1. What is the distance in Å between the Cα centres of region 202-227 and region 82-154?
2. Classify region 170-291 as rounded, prolate or oblate, taking a ≥ b ≥ c as the square roots of the eigenvalues of its Cα gyration tensor: rounded when a/c is under 1.5, otherwise prolate if a/b is larger than b/c and oblate if not.
3. What is the total of Lys pairs in the chain with C-alpha atoms under 15 Å apart, excluding same-chain pairs fewer than 8 positions apart?
4. If you build a Gaussian network model of the chain, linking Cα atoms that sit under 10 Å apart, which residue out of Gly124, Gly12, Gly254 swings the most?
5. Would you calculate the separation in nanometres between label points at Arg244 and Ala112, each defined as 7 Å from the Cα along the Cα-to-beta-carbon direction?
6. Is any helix in the chain, taking whole DSSP H runs, at least 18 angstrom long along its axis by alpha carbon and on average at least 0.5 on the Kyte-Doolittle scale, and which ones?
7. Residues of region 52-66 with amide nitrogen under 16 Å from the 7 Å Cα-to-Cβ point of Glu80?
8. For the chain, set up a Gaussian network in which alpha carbons nearer than 10 Å are linked by springs, and say which option among Arg54, Arg144, Arg264 fluctuates the most.
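Read-outs: derived from the displayed coordinates by stated rules, not from any lab. Here the structure is a predicted model, which is why all the values come from computation and not from measurement. Counting neighbours? That spans all protein chains shown, and the Cβs are built from the backbone with ideal geometry, glycine included.
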Amino acid sequence: MSKTIYGFIGLGNMGNPLARRLIQAGHTLHVADTDSAVRQQLEALGAEGHDTPRAVGDAADVVFLSLPDGKVVDEVLGGERGLAAASRAKCVVDLSTVGPVAARRAYDTLAAQGIDYVDAPISGGPTGAERGTLAIMVACPPSRYDALGELLSHFGKTFYLGAEAGQAQVMKLANNLLSATAVAITSEAMALGVKAGLDPSVMLDVINAGSGRNSATLEKFPRAVLTGTFNVGFAARLAHKDVRLCLEEAECHGVPMVVGSSVREMLVMTTAIHGRNADYADVARMVEDWAGVKIRARG
């Protein structure tokens, strides 16, 4: 049996460390990215770089995508230079967060060319990607899921959500809504405590020992807010995209999202105030400015 060859398109904060993990595991890897510098970094590790998605698909059997949104996925798949026109690829594993509608559209585009689409968004951030501790939510036929299990284990733990494209996306959007809500509400709670004279480090110790602990208090605030670095490694505009997609899906199903709508507005304002490159943690900086406090470690 011939060796399976893999491809990876999208070498950003998440895709770069995941592609590296595949190389480190001994897999032959073909890569593409609009940023030639990051592509060259992977080439230095042994990957073969390409200028177009189609070129990756012409060289690889299974191609991973790690892209910012559904529009970019459409561009990578479609067109003369797109992955859907590739001669070799028979499976595309989409690690992107694009929402159920875009996932089903990608499925249809590839199915028309006899290529399998695996809906497989990931959660755990750049640190999880580097360590191989991500949560990987997967929707595809059971046989394809079984075939990919060992490969996906290089990235983290897999969870099977169903056979239809879009089901894993719903799970990812629900997860990211909770994550974004944690950042927003923790920002408000911490600003209140600091303004009232509390030590923010002690506040986090108490919260993390009690019922209020969440992903923001456990990781994001100690690392990116108390230090004043405001660098979680995830753009606020992308968090807004995820929450927006979640609210759109909820509306389709008749599910009210009162709290989610407020979180969406917090993310919109963060990007408006701190710019397109604003980090997820800049939500806290925005609340700091409103409250007239700095949530910083003392000593």
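1. What the calculation gives is 33 Å, centre to centre.
2. Prolate.
3. 5
4. In this elastic network of the chain, the residue with the biggest mean-square fluctuation among Gly124, Gly12, Gly254 is Gly254.
5. Roughly 2.5 nm, to one decimal.
6. Those that clear 18 Å and a mean of 0.5 are 167-195, 258-274.
7. The answer is 52-55.
8. Fluctuation is largest for Arg144.
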